[in-house]
């Protein structure tokens, strides 16, 4: 083999390695070869069949190969989709360049200053949040492969600028501040990423998960199809179609009955706003009593949303708001009643006592001529269900439609049968695709039974919801949504497409196997915690459902545990201290603790829950402890596409070995507590060879 052939063979191996990244999965059918483009200075060119030909310029800076490859593949895919429509070539070139620019921007933490300087000058321009001027885009287009964009094509690009880019960049939009990526860690406020992290051990589905390989591929394919359609049509109408396909997908997954409606919402907390709005649409014109179950075990913003006030400083549509300020159109006299599932010492209250308290609140509220909303929690942050389905059925039979029932099933750890049973009770069901189903964070939906869905046919939603919802998140022709902005939340659409891919994969697994895996998961967690004296597993009662349930949904899939403080005998870690463990698990500690096998393993688990300390309250606000959680998600049951070909026992054994690694790293953290407190390691998207430690 001569030198040229040897060089090209090495370059082909580099290309093959780059294409193994999950972000490249949508382009696997596009052929890539190494040759000399007609322009010797060009990094790549497209072949006559829209294959990719990489030139030597693409290999000049090895770290930038992925950038040129992504640019070429994006251009090839969109060009294939456009076919013979020559009037799209310039617009496609700019759209592909924007995707490549955002791709390398997400990788910027792994590049040296010299590598960043070697990028084409247009990379920074095309990664801008704000559409560049027509003159600047014309200059960029003139320096891209292929035909230059016309003024009409540039105008088309500018019109859809915020809907162009990579799937992960777009999935970071259409949420509040919690969705923003920290440039230091490349992770969002939940410690996860919209890009897959296959190297991370992830049992965080009780909070949020990074995108899976399967989910990312589904979102990226939808993004590519929507991009091609937007460029062809010159409008954002394809976003509306993307959202409609999500509503249809949810309807099919849950086999929703005729007349039921699906409304999409940016997060589980946003669904709570819509649930309250549906009661407003009932036309009762009376004060509202909203009964919440264990608000400390739902979401921080749920009590605020349930009373009709802003729960953050910004909204899903990017409006700056005043946290806890009133949302226009909601009744100011809405009253909250909180019913707790744990006592002052953190122990579980007897379910019969809880249900008696609920029955009394409902009876008193209706007697006082209030419109009552009763919440059902299925399940809480620590896996609790209350009240029981038979209790809800008795209330519905007694009060008929004088009572609104809202089921907080945002954990989504229940079957389609159980969803159907709730809907038959005329209950509104709140779900997400981002907890059990491990879709990207911020993917909520409201399932509305036909009797309640009819409320959308008249009156208008509270005016302030125009900061949270677009018209396209609602079923077509919903009169109640007529005053909302004529737009759709594209980021929400892509996040749901990722979640739907996981939902379909989970549905393909027989219920008996789901139960088998969950039993095995529970056994591994219990044994691991029993083997570490510093850890204590929280009691969790059996999940009580009705006779139509499936065995797997009665099994626990969230396991919560406290940690005895290594530096303060007699108490457990406080919420702040437990958050340190949660963050250090998600960091590469090998630079601080060299030679420790578990140090470099990045582990992501559920955020701490605040519960009372089992011992007497301590000074300095230490009356609360932080309880950490490991959770089994749908991805554990269905497996990743990369697991294809592995025998089931071998795959599960590997998953459970990863689960045991979580507890090995917790033990490592506790043994080196003081060192880690001083070093303050920071979570990272991936382990960094250049920088393993950063100040918090």
Legend entry - Scope region 537-552; condition in contact with a helix residue (DSSP H, G or I) (Cβ under 9 Å, 6 or more places away or on another chain) and in contact (Cβ under 8 Å) with a residue 40 or more places away in the chain; matching residues: 541, 543, 544, 545, 546, 548, 549, 550, 551, 552
Inset, instruction - Could you tell me whether any residue of region 223-241 is within 28 Å of residue 427 (Cβ to Cβ) and touching a helix residue (DSSP H, G or I) at 6+ places or on another chain (Cβ under 6 Å)? - result: no
Legend entry - Residue that is surrounded by fewer than 14 Cβ atoms within 10 Å (Cβ to Cβ), at pLDDT 95 or above and not assigned by TED's automatic domain parsing to the domain that holds residue 297, where the choices are 533, 556, 569: 533
Inset, instruction - Among the residues of region 79-120, write down those that are assigned to a loop (DSSP other than H, G, I, E, B) and without any contact (Cβ under 8 Å) to a residue 12 or more places away in the chain. - result: 83, 84
Inset, instruction - Determine whether residue 217 is surrounded by 17 or more Cβ atoms within 10 Å (Cβ to Cβ) and either more than 19 Å from residue 470 (Cβ to Cβ) or at pLDDT 95 or above (or both). - result: yes
Inset, instruction - Report yes if some residue within region 574-588 is touching a strand residue (DSSP E or B) at 6+ places or on another chain (Cβ under 7 Å) and within 12 Å of residue 201 (Cα to Cα); otherwise report no. - result: yes
Inset, instruction - Specify which of the listed residues (98, 156) is more than 27 Å from residue 442 (Cβ to Cβ), within 33 Å of the chain's Cα centre (by Cα) and either at pLDDT 95 or above or buried (at least 19 other Cβ atoms within 10 Å of the Cβ) (or both). - result: 156
Inset, instruction - Confirm whether residue 271 is without any contact (Cβ under 8 Å) to a residue 60 or more places away in the chain, assigned to a helix (DSSP H, G or I) and in contact with a strand residue (DSSP E or B) (Cβ under 8 Å, 6 or more places away or on another chain). - result: no
Legend entry - Identity of the residue in region 176-196, closer than 15 Å to residue 209 by Cβ, out of contact with any strand residue (DSSP E or B) (no Cβ under 8 Å at 6 or more places or on another chain) and surrounded by 19 or more Cβ atoms within 10 Å (Cβ to Cβ), that ends up modelled with the lowest pLDDT: 179
Inset, instruction - Among residues belonging to region 11-38 that are in contact (Cβ under 8 Å) with a residue 40 or more places away in the chain and in contact with a strand residue (DSSP E or B) (Cβ under 7 Å, 6 or more places away or on another chain), point out the one that is nearest to residue 75 (Cα to Cα). - result: 30
Legend entry - Number of the exception - residue 220 against (1) in a helix (DSSP H, G or I); (2) free of Cβ contacts under 8 Å to residues at least 60 places away in the same chain: (2)
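To keep it simple, each residue is scored yes or no on (1) surrounded by fewer than 20 Cβ atoms within 10 Å (Cβ to Cβ); (2) in contact with a helix residue (DSSP H, G or I) (Cβ under 6 Å, 6 or more places away or on another chain); (3) not assigned by TED's automatic domain parsing to the domain that holds residue 269.
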position: 388; (1), (2), (3): yes, no, no
position: 392; (1), (2), (3): no, no, no
position: 405; (1), (2), (3): no, no, no
position: 414; (1), (2), (3): no, yes, no
position: 419; (1), (2), (3): no, no, no
position: 424; (1), (2), (3): yes, no, no
position: 430; (1), (2), (3): no, yes, no
position: 435; (1), (2), (3): no, no, no
position: 451; (1), (2), (3): yes, no, no
Legend entry - Hey, residue 505 touching a strand residue (DSSP E or B) at 6+ places or on another chain (Cβ under 6 Å), under 18 Å from residue 220 (Cβ atoms) and surrounded by 17 or more Cβ atoms within 10 Å (Cβ to Cβ) or not: no
Legend entry - Residue check for residue 215: over 30 Å from residue 365 (Cα atoms), assigned to a helix (DSSP H, G or I) and under 14 Å from the mean Cα position of the chain (by Cα): yes
Inset, instruction - Output the number of residues of region 319-332 satisfying the condition of being within 23 Å of the chain's Cα centre (by Cα), surrounded by 12 or more Cβ atoms within 10 Å (Cβ to Cβ) and without any contact (Cβ under 8 Å) to a residue 40 or more places away in the chain. - result: 1
Legend entry - Selected residue (criterion: surrounded by the most Cβ atoms within 10 Å (Cβ to Cβ)) from residues of region 15-33 that are at pLDDT below 90 and in contact with a helix residue (DSSP H, G or I) (Cβ under 6 Å, 6 or more places away or on another chain): 22
Legend entry - Scan of region 639-658 for residues that are surrounded by 14 or more Cβ atoms within 10 Å (Cβ to Cβ), farther than 21 Å from residue 216 by Cβ and either modelled with pLDDT under 95 or in contact with a strand residue (DSSP E or B) (Cβ under 7 Å, 6 or more places away or on another chain) (or both), ordered by number: none
Inset, instruction - Could you run through region 420-442 and say how many residues are touching a strand residue (DSSP E or B) at 6+ places or on another chain (Cβ under 6 Å) and within 18 Å of residue 273 (Cβ to Cβ)? - result: 6
Legend entry - Among the candidates 684, 671, residue that is surrounded by fewer than 17 Cβ atoms within 10 Å (Cβ to Cβ) and in contact (Cβ under 8 Å) with a residue 60 or more places away in the chain: 671
Inset, instruction - Being crowded, with 16+ Cβ neighbours inside 10 Å, out of contact with any strand residue (DSSP E or B) (no Cβ under 7 Å at 6 or more places or on another chain) and closer than 20 Å to residue 44 by Cβ is the filter here, so list the residues in region 134-146 that pass it. - result: 140, 141, 144
Legend entry - strands (runs of 3 or more DSSP E) completely within region 359-461 that count 3 or more residues being modelled with pLDDT under 95: none
Legend entry - Residue within region 485-497 that is part of a helix (DSSP H, G or I), surrounded by fewer than 21 Cβ atoms within 10 Å (Cβ to Cβ), on the phi < 0 side of the Ramachandran plot and at pLDDT 95 or above present: no
Inset, instruction - All but one of (1) at pLDDT 95 or above; (2) surrounded by fewer than 24 Cβ atoms within 10 Å (Cβ to Cβ); (3) touching a strand residue (DSSP E or B) at 6+ places or on another chain (Cβ under 9 Å) hold for residue 75, so report the exception by its number. - result: (2)
Inset, instruction - Taking residue 124 as the residue in question, decide whether it is without any contact (Cβ under 8 Å) to a residue 60 or more places away in the chain, buried (at least 21 other Cβ atoms within 10 Å of the Cβ) and either part of a helix (DSSP H, G or I) or in the same structural domain as residue 61 (by TED's automatic domain parsing) (or both). - result: no
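The values are calculated or read from the model by the stated rules, or taken from the named source; none is laboratory data. It should be emphasised that the depicted structure is a prediction, and the values quoted were computed from it without experimental measurement. No Cβ is skipped: glycine too gets one built from the backbone with ideal geometry, and neighbour counts run over all protein chains shown.
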